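To start, the structure under review is shown below, and the notes come after it.
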Amino acid sequence: MLSTLRTLLNKFMGLIFLFSLVFYSQSVFANTYTDSAHGSSSYGVERTAWTAPYVPGNCAHCHEQHTAEADGHLLIANSFSDVLTQPYVTSTTACFACHAGITGSLQNNPFNNYDYSATFGGASATTSNIMAAFNQPSYHNLNDVKRYITGYSGTKSFSNFPAETNPCSGCHNVHIARANKRYPGHPTFTAISRPSDHENLWGDEEDNTSELMTSYGSAYQPPIRSGSNLEPDGVSSSRVIQAAKTPNYNALCIDCHNSTNIIYSTTLGRNLLTFNWSLEVHGQGEAHDWYAEQEILPPYSDSNLGNYVLSCMDCHEPHGSPNTLLIRSRVNGSTVVMPPGSSYWNELCKSCHLAASELQNFHHKTRLEADYSCTDCHYSDKPNADPVSLKPCYPCHHHGSSTGGFKTF
Ligand code: HEC
Ligand code: HEC
Ligand code: HEC
Ligand code: HEC
Ligand code: HEC
Ligand code: HEC
Ligand code: HEC
Ligand code: HEC
């Protein structure tokens with residue numbers, strides 16, 4: 001009898017809860033939840049334990065009215081456990097309760113999320129779910145992101161996220177995020193929201209070019225995906241067509257990573273370099289066709305050097321990577337192996353610039369102009385042909401290094 005009463009009460013309270021959520025949803029994200037990946041009635045949220053009575057996409061697959069963890073969001077698990085570093089486990093965040101792969105997911109019919117290099121770059125995936133992506137050797141530290149966006153540390157140029165905000169919310173809005181992976185050529189299905197505009201998707205406004213990489217005019221050249229076909233979906237070799245399929249990821253990243261924001265990194269044990277993308281050569285700064293030699297590889301062309309603007313995602317993963325500093329495992333159609341500790345960055349640079357022997361020519365000519373000594377680049381002033389004779393590239397090439405006499409990044 002008592003248990004029947006409780007069941008009834010639960011159902012009643014549940015109704016009130018869901019009603020208030022739906023009411024709330026109408027004012028905040030009315031038209032978009034049902035279009036979102038989670039809200040999809042075919043592939044959206046559906047916990048194995050609740051395939052009945054809740055249909056796929058129902059809010060209650062994520063929100064509990066009674067048994068929820070007490071961190072303010074009435075979620076199925078802690079929104080975020082405040083763990084300082086890796087390893088992340090399924091209880092670290094409610095997101096990993098489902099985004100944890102085939103085993104360990106609460107989702108009925110678990111699904112895969114590959115890394116950016118695979119989904120949009122044609123690589124073999126290094127990971128197939130988001131938790132695994134964040135458990136790789138380099139990663140966006142979730143506690144640092146949470147502390148940063150909620151104002152516990154650093155300085156930022158967007159308004160506050162409330163104290164217990166989920167760290168993933170720095171780049172996603174869980175109630176509206178869509179499944180771009182299902183339609184990689186259709187940015188209307190974008191998964192991201194900028195921290196400065198959390199209530200809206202970013203990349204979906206096709207008539208608002210600032211949301212796409214076409215906002216840089218003809219400057220954005222999507223890199224090779226395979227053969228001569230370009231990212232993001234690899235169905236065309238046309239720069240114009242492919243750039244118009246790519247969300248303006250720079251605007252997302254630059255909301256946090258710019259010339260003024262102070263951001264602390266636990267992994268690196270220091271504040272991050274600050275830099276102004278509009279001054280860097282890979283950004284809006286102008287490279288020049290330096291010597292009468294071929295400098296750049298397809299699809300880029302020497303005659304257009306100085307006009308290119310890259311996307312952060314041409315070189316970086318958003319979540320984690322086997323390579324240092326979130327460098328992608330495949331860049332411009334080439335595999336890049338550069339684990340943490342690597343100092344020979346030509347493994348990355350040579351995906352787009354000419355290979356090491358040409359680098360030698362460039363650097364030896366540059367030496368004369370810049371008045372470098374041999375030991376600015378080599379450990380000894382009698383270097384040999386062994387690349388280990390080279391010092392790390394870092395002191396000369398890094399974000400923020402384009403402001404000197406030479407534009408080096
Ligand atoms: C109850 C299970 C569940 C939880 C909890 C969950 N997700 Fe999802 N998520 C899904 C499913 C299912 C999809 C759709 C997968 C697909 O498209 O194949 C999805 C899709 C997404 C997408 C769109 C990309 C895609 O693969 O379709 C994003 C972004 C996303 N989730 C982020 C989050 C974040 C951030 C959290 C935590 C705040 C979270 N999810 C929590 C089940 C869940
Ligand atoms: C620093 C920004 C950032 C943070 C923080 C972040 N993401 Fe992402 N996420 C991105 C970007 C950029 C993409 C690439 C867009 C895409 O895949 O459609 C992405 C893609 C995704 C996708 C779709 C992957 C696919 O299959 O294409 C899911 C799911 C996702 N993120 C979940 C999460 C979860 C869960 C968290 C927190 C544990 C999180 N993200 C934190 C930026 C971020
Ligand atoms: C919401 C704020 C935010 C956004 C947006 C953001 N980041 Fe970060 N990023 C951080 C924080 C906080 C750190 C320091 C923690 C860390 O090092 O993991 C960081 C660190 C990094 C690092 C150093 C990681 C390491 O420790 O090796 C790289 C690289 C990076 N971000 C690239 C990107 C790229 C590329 C984007 C766009 C997809 C992006 N970030 C978007 C907040 C953000
Ligand atoms: C995939 C899991 C998921 C689904 C599905 C989901 N939510 Fe949420 N909801 C969250 C998370 C995570 C937060 C906390 C977000 C944060 O901290 O940034 C949240 C927060 C909220 C909040 C508090 C306001 C806020 O942003 O903190 C309300 C209200 C809410 N959700 C209503 C709903 C309604 C209504 C639905 C269905 C229409 C729904 N949610 C579906 C995960 C989900
Ligand atoms: C041409 C490839 C390339 C592009 C494009 C690129 N990066 Fe990087 N990024 C690197 C390399 C290499 C490093 C390591 C050197 C360094 O730390 O600056 C790095 C490091 C970083 C770091 C860590 C800085 C630190 O403190 O050591 C952040 C943050 C970052 N990138 C963000 C971005 C953002 C945001 C964008 C887009 C606006 C971007 N990157 C575009 C190659 C690239
Ligand atoms: C995804 C392709 C890509 C990768 C990877 C890449 N670059 Fe570049 N780089 C370019 C493009 C394109 C330009 C021309 C930019 C312009 O037109 O303003 C350029 C320009 C430069 C310049 C200016 C050259 C000049 O003559 O003015 C330097 C220096 C440079 N890159 C260094 C590097 C280093 C160092 C690395 C590796 C750590 C690297 N790049 C990785 C694409 C790339
Ligand atoms: C601005 C950086 C820079 C400076 C300064 C520099 N080098 Fe190099 N050097 C390079 C690079 C890059 C390579 C190519 C390394 C590789 O192929 O792995 C190289 C390669 C070499 C090699 C190997 C040649 C071969 O046949 O493989 C020798 C020898 C060498 N340098 C001698 C010198 C001497 C002597 C000086 C001083 C007069 C000097 N370098 C100054 C960057 C520099
Ligand atoms: C002592 C400083 C110094 C060091 C160390 C150094 N470089 Fe450079 N590098 C330069 C300068 C200066 C340029 C010419 C920039 C310009 O054209 O304005 C350059 C140009 C480049 C370019 C662009 C060539 C082009 O297409 O125009 C690449 C790629 C590059 N370096 C890679 C590397 C790599 C890889 C390393 C480490 C193995 C390295 N550099 C070490 C100073 C340095």
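The values are calculated or read from the model by the stated rules, or taken from the named source; none is laboratory data. It should be emphasised that the depicted structure is a prediction, and the values quoted were computed from it without experimental measurement. As a convention, Cβ positions derive from the backbone with ideal geometry for all residues, glycine included, and neighbour counts pool all protein chains shown. When the accessible area is computed, the model is the full protein with side chains, heavy atoms only, and any ligands, DNA or RNA have been set aside. Shrake-Rupley method; radii C 1.70, N 1.55, O 1.52, S 1.80 Å.
Distance between the 7 Å Cα→Cβ label points at residue 357 and residue 49: 6.3 nm. With the cut-off at under 19 Å, measuring from each backbone N in the range 333-350 to a point 7 Å along the Cα-to-Cβ line of residue 294 picks out 333-335, 349-350. Mean sequence separation of contacting Cα pairs (under 8 Å, at least six apart), scaled by the length of the range 115-335, corresponds to a relative contact order of 25 percent.
Straight Cα distances below 28 angstrom link residue 391 to the lysines 350, 365, 382, 407, with same-chain residues fewer than 8 positions distant left out.
Check residue 258: other-chain or 5+ apart residues with amide H under 5 Å from its amide H, H built from backbone geometry? So residue 258 has HN proximity to 275. Taken over the C-alpha atoms, the range 197-270 has Rg and Dmax values of 15.3, 43 angstrom.
Computed over protein heavy atoms with a 1.4 Å probe, the accessible surface of the range 115-335 works out to 41 Å² per residue.
Close amide-amide hydrogen proximity is noted between residue 265 and 270, 271, 272, each under 5 Å apart and 5 or more residues distant or on a separate chain (H modeled in the peptide plane; Pro and chain starts excluded).
The convex hull of the Cα atoms of the range 115-335, projected and averaged over all directions, covers 12.1 nm². Amide H contacts of residue 47: 108, each under 5 Å away and 5 or more positions distant or on a separate chain (H built 1.01 Å from N in the peptide plane; Pro and chain starts excluded). Per residue, the range 34-111 exposes 49 Å² of accessible surface when a 1.4 Å probe is rolled over the protein heavy atoms with every protein chain present. Using θ = phi - 60° in the Karplus curve 6.51 cos²θ - 1.76 cosθ + 1.60, the 3J(HN,Hα) couplings for the range 94-102 round to 4, 5, 6, 4, 10, 7, 10, x, 5 Hz; x is entered for Gly and Pro. Would you please state the base-10 log of I(q)/I(0) at q = 0.25 1/Å for the range 183-240, with intensities from the Debye formula using one equal scatterer on every alpha carbon? For the range 183-240, the Cα-only Debye profile gives -1.08.
Whenever you get a sec, compute what percent of the accessible area on the range 115-335 sits on carbon and sulfur atoms (1.4 Å probe). Summing carbon and sulfur atoms, their accessible area is 53 percent of the total for the range 115-335. Sorted on the mean count of surrounding Cβ atoms within 10 Å across their residues, most packed first, peptides 262-272, 34-44 read 34-44, 262-272.
Inter-label distance, residue 238 to residue 200: 2.8 nm, where each label sits 7 Å from its Cα along the C-beta direction. Using just the C-alpha positions of the range 90-153 as equal point scatterers, what log10 of I(q)/I(0) does the Debye formula give at each q in 0.18, 0.23, 0.24 1/Å? Those come out to -0.73, -0.98, -1.02, one per q. A crude spin-label estimate for the pair residue 286 and residue 86, with each label 7 Å from Cα along the Cβ direction, gives 4.2 nm. Applying 1/(1 + (r/R0)^6) with r as the Cβ-Cβ distance of residue 406 and residue 103 and R0 = 45 angstrom yields a FRET efficiency of 0.30. Estimated purely from DSSP H runs of n ≥ 4, each contributing -39500 (n - 2.57), the mean residue ellipticity at 222 nm for the chain is -6000 deg cm²/dmol once divided by its residues.
Of the solvent-accessible surface of the range 34-111, computed with a 1.4 Å probe and all protein chains present, 58% belongs to carbon and sulfur. Geometric descriptor of the chain, per residue, is 145 Å³ (volume of the convex hull of the Cα atoms). Note on residue 146: accessible area approximately 10 square angstrom, rounded to 10, probe 1.4 Å, nucleic acids and ligands left out.
Put simply, the range 34-111 fits an ellipsoid with semi-axes of 21, 15, 11 Å; these come from the alpha carbon gyration tensor as the roots of five times its eigenvalues, largest first.
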